[in-house]
Every structure is written in C-alpha cells, then in structure tokens.
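I have placed the structure first, in the form of structure tokens, so that the comments after it can refer back to it.
The values are calculated or read from the model by the stated rules, or taken from the named source; none is laboratory data. For clarity, every value in this text was computed on a predicted model and none was experimentally measured. Neighbour counts run over all protein chains shown; Cβ positions are idealised from the backbone, glycine included. The protein model used for the area step is the full one, side chains on, heavy atoms only, and it has no ligands, DNA or RNA in it. Shrake-Rupley method; radii C 1.70, N 1.55, O 1.52, S 1.80 Å.
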Amino acid sequence: WQMLGNAPMPLRQDVELLSALLQKHGLALMHCTLRDNRSLVLDAVKQNGGAFAYADPSLRADRGLALEAVKRSGLALQFASETLRHDKELVMQAVEHCGFALQFVPEKLRADVEIALKAVRQNGDALKLLPKELRANQKLVLEALKSGPPPSIKVDELGDAEVEAQLEALGSPLRHADVQLRSDRRVVLEAVKQDGSALFFVDDALKDERALVQQALRRSGWALRFASERLKKDRSLVLEAIQSEGVAIRFAAEELRQNHSFVCEAMSRNGDALRYVDDEFHSDPKVVRSAVRQNGMALRFAVPELRADLNIVTEATKNTPKAFAFACGPLKWDRALVLEMLQLDGSLLQHLPQELRCDRDVVTTAVQQHGRAILWASGSLKQDVLVAVEAVKQDGTALQVVSEVLKSFRNIALEAVRQNSDAWQFVDKHLRGDVDFAIAVVQNNPEVAEVAAEELEVPVKCLVAVADQADLRFDKEAMLKMIRESGWQCMRLVGSTIRQEPELHTEAVAQSWKSLKWMQEPKVTVILSACRQDLSAVELLGNVEDGIKAVIAMNHPEVVQFPSFATKLPMLSAVRKNGLLLQFASAQLREDFEVVDAAVKQNPEALRFARGAAVAKLKVQQEASTAPPMLVAPAAATQQAHLLPWMAGRQDASSSIEWCCCAGEDERPLQQL
C-alpha cells in the first residue's frame, strides 16, 4: 500500500479498488487523492483510527467518522474538529480507548468527573492531565492507582539517583496526586499494595508506620530503602523484605548487615542475598552453606576456596544441579562426581574441562539427559554416530546441533523425527526428498505427514495411505487408481518394482509432463507425449541411449538445444528436419562433414554455422560434381552398406521406421528412410 502514491492516477481514483485497499490498510489514505470521499474515509478509520489524520478537513467535523476513529484509536481525537472535541460522548469514547487522549480535551470537559474516571481507569498516568482539584479527588486517585502493573526497575544495576529518576518518570500514579493525598492512609495503602516502590512518594510520617511499610515490602522487597531508619533496624521486617527480594539486604541498617547470625538467617530466607553482603561473608562457610542450601545458584558468589569444597558443592547441587557449573578446583575433574551431576543435568557438560568433554562415557551420559548437550562435546565425539543417536533419542531437535554430515544419516534422522516432529526441519535436504525415508518417518510419527508431503509435493492423504499399507506402493492397479484420482504427483510414490509399468506412465504423463521425472525406462511414446506438452521434459530423462534421442529429435528437432541432446545422432535427426539447428551443435559437430552436409542439404543457409574442414570439403564436392546426389547406392557400394547398430532390427511402438546409411564410391553420404 505504500506504493499507492506512485500508482497511475486512474488507479488512485478507482473507488472500488481503493475501498478494498483501505479495508486492509487504513493508513493508505495518506496516499489517496479522494480523501473527501466519506465512504473511503470510513473504510480507512474502521481499519485504523489513526487514518483520520489524513481525512479531508471537511470530514473531520463528521461526528460518525470521528466516533469510528476514536473507538479504534483514542488519540485520533486530536484530528477531530474543535466542535467535536467538545462533544462529551465522543470524548468519553476516546479516553476509554486511550487515557492520554485527555490532552486533546478542552479544559471544561477535563474537569468532568465522569470523563476523568474513564481516562484514569484506562491509564493511571492520565491523572497528571487533570485539573488540580480532581487530582485531589480521593476516588479518582484510587481508580488511577489500580490501572496498571508497577514499573520494572533493575535496582541492583542502578545507583540511587538513577533509581529515583526512573521512579519520577515511570513510578506509581501516586506521584501525580495532590500532596495532601500522599498522607491519606487509605490512598497510600492502596498505592503500596499495587506497587511497593510507591513508598517513595509517601509522606515521611507514614514511612515509619510498620503495617503500611510491611505491605509495601510484600510487593517489592527493595522498597525497604524508602522506609524510616527505625524500621530498617526491625529484624523481622527486614528479613521479610529479604525473603521477597535478596537485594533488600543492601538497605538494612548497618548493625544488621554486620551481624553474623542475622546474615546467616537472611541467607536461609533468600540465598541470592549473598550477592549483596560484604565481601567477608563470601568466604564464611556457615553463611555460604546457608545460602546455597536455600538457593544452589548462590554458590557463584562464594570465594573459589569454598566453591572447591565438596560439602558445600554437594549442598548447592542437591536441589539445583546447575550449580555444579560454579564448582572449581579438583571437583571439576572428579569423574565419578561429574557423571553423577550429568545424570541430573546434561547441560553441565559445557562447564567441564576439555579432556572430560572428549570422554565418550561422559558425553554419552550428558546427551542421555540433555540431547542438545552434544553441542559441547569435543573432538571426534561430535561426529560419533552412537553419541548422536543417543542425543536425538532424548531430544529430537538435537539434530539441529549435530554435525552436517550426521544430519544425512538415515538412522539418526529417523530417530530424531520419531522423538520430535519438529526435528524434520533439521534433516538433510536430500534425505527429506527421499520417498522411502519420508514413508518410514510417517510410519513412526504421523504428525510429520503434512510437512513431509509438502516436501515431496504429493497429496498428504496419499502419503499417509502408502505409509499405512506398505504393499500399496507395489500394487499396480492401486497406484493407477491413485494417480487417476489424486494426480500425477503420486507417480513419485510408486514402488521401484512397478515404476517401469507403461500404464502408470501413460496415465501420469497425460496429466503432466513433469511426471516423467519419476518414471523408470519410459517408452518413447511416453517421452514424445511429454515433449509435446513441454520440451523441458527432456531434462527430466535419465541416461537414454542415442538412438532414442535421435527418434525424439526427429519428432521434436528443437530438443538439440538441450546439452544432453548435443551428440551426433540426435543432431543428425534434427538438422535433417531443420538445418539451421546446426547453430546449437558443439564446435566438434560443426566440423563433422556428415552433420554439416545433412544440415546444408536441408537448408543451404546452415553453411554459415559450419566450421573447419567440413566447409572446405563441401566446397570441393560442389565444384567437382554438378550431378545430383545418388538416391541408390552403386553395386560397388552395397558391399559397404550396413545398418547402424543403434537401430538394427529395432521397431518402435509408434512407427516401423528403420534407418540405414550407405557409403558410395565417391564417399558422399546416401540416406534412405
């Protein structure tokens, strides 16, 4: 639709065409010359309310159009006429769709409580667009606070100033409320229930109220940073905050942060808090043990010495096997321990030393638990067939990460697709085009039938039928019926033992010359039938003897344009029909006297395509004899006569033609049909 502006003027003024376009792409109205056509503008705004911006000014005062526009895009209100923006019903529709449409509403209507309610219910931040007296309205503010989810602020990555800046920009709608309401307990309680960080905007007196702060901490543990200093020393309250979010320990009173028993208890509530305590606790076995017992992944924050401690690592991996990735020292080399861990989580293979990733037992154990772990195997194991089979048995999509060579292995691909139909997309392209493989896959996983049939370009029901009945492909009558009823594409499904059956060939080629590709030893009549539809059919032939090619060239001389027909016998047949086809002969054949002579006899102008000795010999021959060519071989020549071996004794089903060539005493060729 973006190209409409470059379309010819008649198209840009075709109402029927424009209507169809605008119903799918309303914004195409911007390129339309008929913006004053109400019907077209209506089509556009029904699809995209924003298209109202491109309506002719005369239509922006149309109430019906404006209503349709703001129902789909509240901000389209800005394009309505001044009169319509005073229409309460229209404004209500706009702010119900987008609260920020309030910015385009006249001051008088912004003071309307009903309109204000709809706006803040849709978007709490619309509160900032209301008059001061409404921002002091408790009911309105309470509705605004319920409007949306709290902001996502990464406290652990930002400094204090950055956090406060984000809160001022994205925080609770409480920031837009009148100052008096920030000390209103009911309003504040609702605010922190919805978003704990709203505590930042609360009056200082309420930040010291335990019940209210506790409510905020249940929603956002890090909101502890906004609590009063007294509450930051409240052990049970701080522990509750840490349980909600480990980062909350950063905002606890210093005396608690330095208290060993408190830190241990904090770790038992939330092991992730180990990340935020002072460095001295990272090397404290008791603290670290408490942390990893609650959250094994906390092991990553311990010092290397403790990450090499078998007891601590064992505690960490009990419920979180992935934590073994952070173990260090000799533990990573403990083969028995490694095998035990891999049975729980095969993806740990990526964190092991190179030597262990070359160990067959280690890698096999890993892929049996997590098939895609083969990605991290080293050396020859990535190419190992047995390892790959184990991997795809566990997860068929592991075929995606095995080596390209293994993707073409039939047994591996079959196991993969059997386990997960999605693995089909990762099978080697040539294997996906193998009918026998596709049938085997469908037999093991019927869910693949549709994509496999699409790959083979055959009807799904036919692929399923031959998969369900193994003998069906080898039943001539059944396959003949299938080709008749479901199309020539079914020729591809025909079994090898009956693929040379003439009846199947005749039926399939009658529907499409393309079926020739799947035939075995087709008769000349079938090939000729295909060529009558499209000469490209000859490109689908396999190895065909030159005699058959000559017969095809005799019926369709133009086939010599294809490289596979550029040999002497087909070329002779072709130039006898059309001498000018000599131009498609190879350089060698253009120098062949027999070929050139035949072409020139059919059309003297073919001489311009001849090359080398053939041209000279023709000129000498023409100068030496004025007599016409002999039609019967002289007696002396009959002893030299011979049937060409490629057609000797052969009679084609479509004709009884026999070819022979005789050589006369003067070595001029003589042909007889």
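In degrees, nearest 10, range 0 to 90: what is the angle between the Cα axis of helix 160-170 and the longest Cα principal axis of the chain?
It is inclined by approximately 70 degrees.
State the extension gain, in nm to one decimal, for the chain segment bounded by L386 and A205, taking 0.36 nm per residue of separation less the distance between their alpha-carbons. Spell out each step's value before the answer.
On the way: separation 181, 0.36 × 181 = 65.16 nm, distance 7.04 nm.
Roughly 58.1 nm would be gained on extension.
Say each of A20 and N578 gets a label point 7 Å from the Cα, pointing the same way as Cα to Cβ; how far apart are those two points in nm?
Each label point lies 7 Å from its Cα, and together they span 4.0 nm.
Quickly estimate the mean residue ellipticity at 222 nm for the chain, helices only: each DSSP H run with n ≥ 4 gives -39500 (n - 2.57), and the total goes over all residues, rounded to 500. Mind dumping the intermediate values first?
Numbers: 35 runs with 299 residues, N = 673.
Calculated mean residue ellipticity at 222 nm is -12500 deg cm²/dmol.
May I ask for the Kirkwood hydrodynamic radius of the stretch 152-195, worked out over all distinct Cα pairs and given in angstroms to one decimal?
Details: mean 1/r = 0.0871 Å⁻¹.
Answer for the stretch 152-195: a Kirkwood hydrodynamic radius of 11.5 Å.
Over the stretch 447-598, with a single point scatterer placed on each C-alpha, what log10 of the ratio I(q)/I(0) does the Debye formula yield at q = 0.09, 0.20, 0.21 1/Å?
-0.36, -1.08, -1.16
Order 159-166, 128-135, 498-505, 63-70 from most to least packed using the mean count of other Cβ atoms within 10 Å.
Values: 159-166: 12.8, 128-135: 16.5, 498-505: 18.4, 63-70: 22.0.
Final packing ranking: 63-70, 498-505, 128-135, 159-166.
Please give the helix 285-294 orientation as an angle from the longest Cα principal axis of the chain, in degrees from 0 to 90, rounded to the nearest 10.
60 degrees
Under 20 Å from a label point 7 Å along Cα→Cβ of E355: give me every residue in the stretch 302-316 with its amide N that close.
Flagged as within label range: 308-310.
Pop out the carbon and sulfur fraction of the accessible area of the chain as a percent, whole number, probe 1.4 Å.
Numbers: 15530 of 32460 Å².
Carbon with sulfur: 48 percent of the solvent-accessible area.
Stretch E503-S261 to full length: gain in nm at 0.36 nm per residue minus the Cα-Cα span?
Details: separation 242, 0.36 × 242 = 87.12 nm, distance 9.06 nm.
Full-extension gain reported as 78.1 nm.
Given R₀ = 51 Å, what would the calculated FRET efficiency be for Q425 paired with K619, taking r from the Cβ atoms and rounding to 0.05?
Numbers: r = 65 Å, r/R0 = 1.27.
The pair Q425/K619 has a calculated efficiency of 0.20.
Mind giving me the FRET efficiency for S496 and L310? R0 is 56 Å, r the Cβ-Cβ distance, nearest 0.05 is fine. It would help to have the intermediate numbers written out before the result.
Values: r = 62 Å, r/R0 = 1.11.
So the FRET efficiency works out to roughly 0.35.
For E558 and K481, what does the FRET efficiency come to when R0 = 35 Å and r is the distance between their Cβ atoms, rounded to the nearest 0.05?
On the way: r = 36 Å, r/R0 = 1.02.
Given R0 = 35 Å and the Cβ-Cβ separation, E is 0.45.
Using bins 10 angstrom wide from zero, how does P(r) for the chain break down, in % of all Cα pairs?
3, 10, 10, 10, 12, 15, 14, 10, 7, 5, 3, 2, 0, 0
Which of the listed residues, W513, H97, Q425, is farthest toward the dipole's positive end in the chain, when Lys, Arg count +1 and Asp, Glu count -1 at the beta-carbon?
H97
Could you tell me what a quarter of the Cα convex hull surface of the stretch 1-156 works out to, in nm² with one decimal place?
Details: hull surface 46.2 nm².
Orientation-averaged projected area of the Cα hull: 11.6 nm².
How tilted is helix 502-511 with respect to the longest principal axis of the chain? Cα atoms for both, answer in degrees (0 to 90, nearest 10).
60 degrees
Using label points projected 7 Å from each Cα along Cα→Cβ, tell me how many nm separate S39 and D278, to one decimal.
8.2 nm
Per 0.36 nm of contour for each residue apart, how much would the distance between S152 and A587 grow if the chain were fully extended, relative to their Cα-Cα spacing?
Working: separation 435, 0.36 × 435 = 156.60 nm, distance 7.58 nm.
So the extension gain works out to 149.0 nm.
Leaving out ligands and nucleic acids, note down the accessible area per residue over the chain with a 1.4 angstrom probe, in whole Å². Could you put the intermediate results ahead of the total?
Numbers: 32460 Å² over 673 residues.
I get 48 Å² per residue for this part.
Output the pairs from K146/K233; K514/K549; K24/K71 with a Cα-Cα distance over 28 Å in this structure; if there are none, say none.
K146/K233
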